[in-house]
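The values are calculated or read from the model by the stated rules, or taken from the named source; none is laboratory data. On a predicted model such as this, the values are computed, not experimentally measured, just so you know. Because the Cβ atoms are built from the backbone with ideal geometry, glycine has one as well, and the counts that use them run over all protein chains shown. Accessible surface areas use protein heavy atoms only, side chains included; no ligands, DNA or RNA. Shrake-Rupley method; radii C 1.70, N 1.55, O 1.52, S 1.80 Å.
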Amino acid sequence: MKIIRTPRSMTAWSERLRREGVTIGFVPTMGALHDGHRSLIRAARLRCDALVVSIFVNPTQFSQTEDLTRYPRPIARDRALCREEGVDVCFEPTAEAMYPEGFQTTVTVPALARRWEGEARPHHFSGVATVVTKLFGIVQPDLALFGQKDYQQTALVKRLVADLNLGVTINVRPTVREQDGLAMSSRNRYLSTEDRRAATILYRALQAGRQAIEAGRGTASTVERVMRQTVEQEPTARIEYLTLCEPASLEPLEHVKRRALLLGAIRIGAVRLIDNVVVAGPDRRQRASRPGHP
Ligand code: AMP
């Protein structure tokens, strides 16, 4: 496995392979890799000839008060995982190489970035959109893989690829969870033993919301109340948002017809957790149960 640190060498490597007709798969990460990242890497490995994983803790997507300097950076372990999974290149640029003196262009996806995570973290998505656009320019992948865990991010990346004609295929993979349902995250390591136990409440709330929809109680007020009441059973948890929304636009949904996205963020102590599930509404389920429907 090659370790490449400069954007220029990364692009040279990709251009050489692309000239030979090799397809390039790409998994952008901030490192501290876990089985969620591993599932993206494995899916990419199956779909492409060559595979690049980037490890870059992007400073522009953190706010002043967030955990940039504390963010875990177990680089030797990350490289070992990449090697194990047959990654060809680990791209590890420095912040100085990504944002040299004079850097000023940014990418924004205003409507998709406005709500939910965007509201809680005002500059976050502009940082994400800009770094993803840069990384695509540097790595020039045919295919890039992202996790459903960061649902709003996947919607935004698909939008910016379409809007800016970036020519990269985006593949979104299901959220990988711990046995008790907690979505894997590099930040879970900040949880104390007691908080780790409490952290499952977010997924349980989303499941309670799903059950309400499946039982035919698919109005926003009911679903959101059910989710809120579930989280409130856990005294250490503080709700940031728990919402029912439309899966493509992420706009709030009054009533579930076809498909719905349940989206939530809570805090347990100082740790912020996000998660989501997509649920089929009554119209979808009826169609699926009709004879002849695949
Ligand atoms: P990060 O390193 O947190 O920036 O994440 C890099 C990529 O891994 C993003 O596309 C995430 O959505 C994805 N990812 C993180 N956690 C999970 C998970 N539990 N399951 C699936 N994908 C994940």
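Summary of values
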| quantity | calculated |
| --- | --- |
| Residue under evaluation Glu224, criteria (1) away from the ligand (no atom under 16 Å from the Cβ); (2) surrounded by fewer than 17 Cβ atoms within 10 Å (Cβ to Cβ); (3) in a helix (DSSP H, G or I), criterion not met | (2) |
| Search result, residues across the stretch 209-221 that are open to solvent by 20 Å² or more (accessible area, probe 1.4 Å) and over 25 Å from the mean Cα position of the chain (by Cα) | Glu214, Ala215, Gly216, Arg217, Thr219, Ser221 |
| Pairs, first part of a loop (DSSP other than H, G, I, E, B) in the stretch 165-193, second within 13 Å of the ligand (Cβ to nearest atom) and β-branched (Val, Ile, Thr), C-beta under 6 Å, six or more apart | Met184/Val176 |
| Options Gly181, Gly147; residue that is under 19 Å from Val231 (Cα atoms), at pLDDT 95 or above, within 13 Å of the ligand (Cβ to nearest atom) and outside the structural domain of Ile266 (by TED's automatic domain parsing) | Gly181 |
| Check on Thr69, surrounded by fewer than 17 Cβ atoms within 10 Å (Cβ to Cβ), in the same structural domain as Gly147 (by TED's automatic domain parsing) and hydroxyl-bearing (Ser, Thr, Tyr) | yes |
| Matching residues in the stretch 2-14 - criterion: being open to solvent by 80 Å² or more (accessible area, probe 1.4 Å) and under 20 Å from Cys48 (Cα atoms) | Lys2 |
| Top-ranked residue in the stretch 137-146 [being open to solvent by 10 Å² or more (accessible area, probe 1.4 Å) and part of a helix (DSSP H, G or I); ranked as farthest from Ile3 (Cα to Cα)] | Gly137 |
| In the stretch 114-127, residue least open to solvent (accessible area, probe 1.4 Å) [restricted to those that are basic (Lys, Arg) and part of a loop (DSSP other than H, G, I, E, B)] | Arg121 |
| Residue that is farthest from the ligand (Cβ to nearest atom), among those in the stretch 123-144 that are closer than 24 Å to Thr65 by Cα and not polar (S, T, N, Q) | His123 |
| Filter pass, Ser54 being surrounded by 21 or more Cβ atoms within 10 Å (Cβ to Cβ) and in contact with a strand residue (DSSP E or B) (Cβ under 8 Å, 6 or more places away or on another chain) | yes |
| Unique residue being within 13 Å of the ligand (Cβ to nearest atom) and of a type in the set (D, E, K, R) when the list is Arg73, Arg114, Arg5 | Arg73 |
| Filtered residues of the stretch 235-280 (kept if assigned to a loop (DSSP other than H, G, I, E, B) and under 20 Å from the mean Cα position of the chain (by Cα)) | Glu246, Pro247, Ala248, Ser249, Leu250, Glu251 |
| Positions within the stretch 248-294 being surrounded by fewer than 17 Cβ atoms within 10 Å (Cβ to Cβ) and at pLDDT 90 or above, in sequence order | Ala248, Ser249, Glu251, Pro252, Glu254, His255, Arg258, Arg259, Arg267, Gly269, Ala270, Val278 |
| Which listed residue is hydrophobic (A, V, I, L, M, F, W, C) and open to solvent by less than 20 Å² (accessible area, probe 1.4 Å), from Ile201, Ile170 | Ile201 |
